[in-house]
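All of the numbers you see were taken from the coordinates with simple rules; none came from a lab. The shown structure was predicted, so the numbers you read here are calculated from the model rather than taken from an experiment. Neighbour counts run over all protein chains shown; Cβ positions are idealised from the backbone, glycine included.
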Amino acid sequence: MKLLAGKPGWTTKADVVVIGSGVAGLTTALNVRAAGLSVLLVTKALLDEGSTKWAQGGIAAALGPGDSPDQHESDTLIAGAGLCDLAAVKILVTEGPEAVRKLIARGAVFDRSDSGEISLTREGGHHRNRILHAGGDATGAEVSRALLEAIKGDDGIEVIEQALAIDALQDANGQVCGVTLHVIGQGSRDGVGQALAKAVVVATGGLGQVYSQTTNPSVSTGDGVALALRAGAQVADVEFIQFHPTVLWRDTAEGGQQPLISEAVRGEGAFLLNHKGERFMVKKHELADLAPRDIVAKEIFTQMRTWNIPHVWLDATGIADFEGRFPTIYASCKANGIDPTKQLIPVAPASHYASGGVLVDLNGRTSIKGLYVCGESACTGAHGANRLASNSLLEGLVFGARIASDIAANLPEQVLPVEDQNEGFLLNPAIKLTLQLTMSEGAGVMRSEESLQATLTTLDQLGTQLSSEPRIEAWEASNLYLLAEAIVRGALARTESRGSHWRTDFPLTDPAWEKRVVQKYDQKGRWSTTLSEVKK
Ligand code: FAD
Ligand code: SIN
C-alpha cells in the first residue's frame, strides 16, 4: 500500500534516478554518469545531509603492509557471526582497495604519516590496523566533500535538493519506472511531482531514527527501505540493529542524534571502565576493548544493568594529542563539559547502523525489475549479523560502482507507470516520539518475546492514528512505522541470540538459525516471512 500523497503536478525524466546523496548515492551517480547515462540525483534535505558526513573512524581496506583481502575477509566474517554471504564479503574486501584508490583519485585526502604513508588505525573486530581516516575523526566529511565536488563538476548529473522520494512508480507488471517526489522548490518543480526513469537506485541510508537515541542524523528515517517494501521488494536481516558501544552519555532525556565517540579512540589506546574502575572487557574477549561491536555493546549494557548505572566510562586520557587526532570528538566532549584529556568520558550504547535492509544481489538488484538499492539501505549480506567497523563507507563505494556497471549493461526500456487506485496510507506524525521510545524500550539492545509482543501491541495502536494531511513529517513517521514493524517481526522470528540481536529468552546462538529472515509486505498491508539459507 503506497503513501497518501497528492497527484503529481509535474514530470521530469532521466535514464536513472538516484535517491540519496551519501557515499552510496554519490558513488552510484558518478559511475552511472561515467557510463554515459543521464542521472537525476534527488535528496531530501541539503546535499551533505545524511550519515556519510558524520562518519568518524574511517574506511576499512586492506592497503597496509602485510595486510590482505583474506585477512579483512576473516575479520568481517567473524564480526558477522555466521550470517555473512561469502561472495558479498569477498567482493567487498577484494574490490575495496581499488574503490578507495578511485576515491583518492577523485580528490579525497586521507591523513598521512610524516613519511607520507597513509595512516592506518584500528577499530573493533579488526586484527590489524587497516582503517584510513581523514581530518583525524572527520573521515565522512572528507568523503562527502570529495564526492560532492566531483558531482558538481559533472553537468550530466542533475541534482534536486529538498526532494523527498515518496514512492516508486510501477508499470502493470510491477517494473519500477520512476518515483514520486515532494519538492520544496520554486517555480515549476514544487510540491508533488514524478521523475520517470529506466532504473531507480535507492540510496537513502539508515533508519536509526526508529529509536529514541541514535548516532544517525534526522534524515535517517529509512524512507527508501519503506519505499522498496511498498513496491514489493524483500527485506532481510532487519532485526540486526547495531548499537554503537560508545556514544557520549549526557544527563538528559533529549532524544534524536547523539554525539559518537569513535571506536578509533579505543583503537588509539582508550579503554572502558565500570563505576568501580574495573576494565570489564579484558576478561570478556581476546581483543578486549576492541572486540567486535556487538560484544562490547552487550557487555556495557550488562554492566549498566548489573550495577544499575546509567553509563560506563571511557578512559582516553593516555592518548597523546587527543585534540589533534580527534578534533570533532574533542569539540563535542568540550561542548558537553568534559575534557577528554583529563577526564573520563561517560558512554552508553545507542542505535547506530542497520546491518540488514532491502535484499539485493551482488549487483544491487532487488527482486523488482528496475529497482536497485545501495549502501546502508541494502542488505548485500556483507555484514551478516553485525557489521565490522568501517565496512559501511566501503560498501557504498564498492557496490555503487557495481550497480552502475549493471545498469549500464542492462538498462531496460522506459515503461510507463499505472496509476495506483488505492487511497494510500498515512499516519499522524505525532506518533513518532512514542514509536521511538517504544522501540528503544522493547526492541533495543535486549529483546524478549514479552518485550517484542508489547512493542507490537503499541505499534498496532499507533497504526490506527491516521492522517489525511500529506506532509514530510507524516511520510517520515509512516516509514518509521513500517520499519519498526519489520524489525519487531524479524526479532520475534529469530528465536536465538546472534550478533547484534540479543534475546534474553533465547540467550544462546543456535546453529540451526544460520539463516536469513526475509520479509515482504503486500498491497493489502500483510506481512509474510520466509527463511533463506546463507550462502557460504
Ligand atoms: P547516507 O549517507 O545516510 O545518505 C542517505 C541520503 O539519502 C541522504 O542524502 C539523505 O538525505 C537521503 N534521503 C533519505 N531519505 C530520502 C528520501 N525519502 N528522499 C530523498 N533522499 C532521501 N561507517 C564507516 O564505514 N566508517 C565510519 O567511520 C562510520 N562512522 C559513523 C559515524 C556516525 C556518527 C554514523 C551515524 C555512521 C557512521 N558510519 C560509519 C556508518 C556510515 O556513515 C553509513 O552507514 C554510510 O555513510 C551510509 O551511507 P549511505 O550513502 O547509504 O547513506
Ligand atoms: C566509529 O568511528 O566508531 C564508527 C565506525 C563505523 O560505524 O564503522
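Per-structure values
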item	result
Candidates Gly381, Gly400, Gly396, Gly370, filtered to the one that is more than 11 Å from ligand 2 (Cβ to nearest atom) and closer than 12 Å to Asp237 by Cβ	Gly381
Count - residues of the range 389-419 that are of a type in the set (Asp, Glu) and crowded, with 16+ Cβ neighbours inside 10 Å	2
Of all residues making up the range 61-71, the number that are buried (at least 22 other Cβ atoms within 10 Å of the Cβ) and polar (S, T, N, Q)	0
Selection count, the range 360-382, where residues are of a type in the set (A, V, I, L, M), more than 15 Å from Gly222 (Cβ to Cβ) and touching a residue at least 40 places away in the same chain (Cβ under 8 Å)	4
Residues located in the range 111-127, provided they are crowded, with 21+ Cβ neighbours inside 10 Å and either at negative phi or out of contact with any Asp or Glu (no Cβ under 8 Å at 6 or more places or on another chain) (or both)	Leu120, Thr121, Arg122, Glu123, Gly124, His126
Looking only at the range 246-258, and only at residues there that are more than 16 Å from the chain's Cα centre (by Cα) and within 13 Å of ligand 1 (Cβ to nearest atom), the one that is surrounded by the most Cβ atoms within 10 Å (Cβ to Cβ)	Thr246
Of residues in the range 10-60 being assigned to a loop (DSSP other than H, G, I, E, B) and within 16 Å of ligand 2 (Cβ to nearest atom), the one surrounded by the most Cβ atoms within 10 Å (Cβ to Cβ)	Gly22
Residue satisfying all of: in the range 120-137; in contact with a Lys or Arg (Cβ under 6 Å, 6 or more places away or on another chain) and in a loop (DSSP other than H, G, I, E, B); farthest from ligand 1 (Cβ to nearest atom) among these	Asn129
Failed item in (1) surrounded by fewer than 19 Cβ atoms within 10 Å (Cβ to Cβ); (2) within 26 Å of the chain's Cα centre (by Cα); (3) farther than 17 Å from Gly9 by Cα, with Ile184 passing the rest	(3)
Any pair with Cβ under 6 angstrom, 6 or more apart, that starts in the range 209-238 at a residue that is within 21 Å of Asp85 (Cα to Cα) and ends at one that is within 16 Å of ligand 2 (Cβ to nearest atom) and assigned to a strand (DSSP E or B)	Val225/Gly357
Count of residues meeting criterion [surrounded by 22 or more Cβ atoms within 10 Å (Cβ to Cβ) and either within 30 Å of Val238 (Cβ to Cβ) or without any contact (Cβ under 8 Å) to a residue 24 or more places away in the chain (or both)] in the range 323-346	1
Within the range 403-428, tally of residues that are touching a residue at least 60 places away in the same chain (Cβ under 8 Å) and under 26 Å from the mean Cα position of the chain (by Cα)	7
Helices (runs of 4 or more DSSP H) completely within the range 383-490 that count 2 or more residues being farther than 25 Å from Arg305 by Cα	392-410, 449-462
Residue list for the range 138-184, filter: of a type in the set (D, E, K, R), touching a residue at least 40 places away in the same chain (Cβ under 8 Å), away from ligand 1 (no atom under 12 Å from the Cβ) and over 30 Å from Pro327 (Cα atoms)	Asp154, Glu158, Asp171
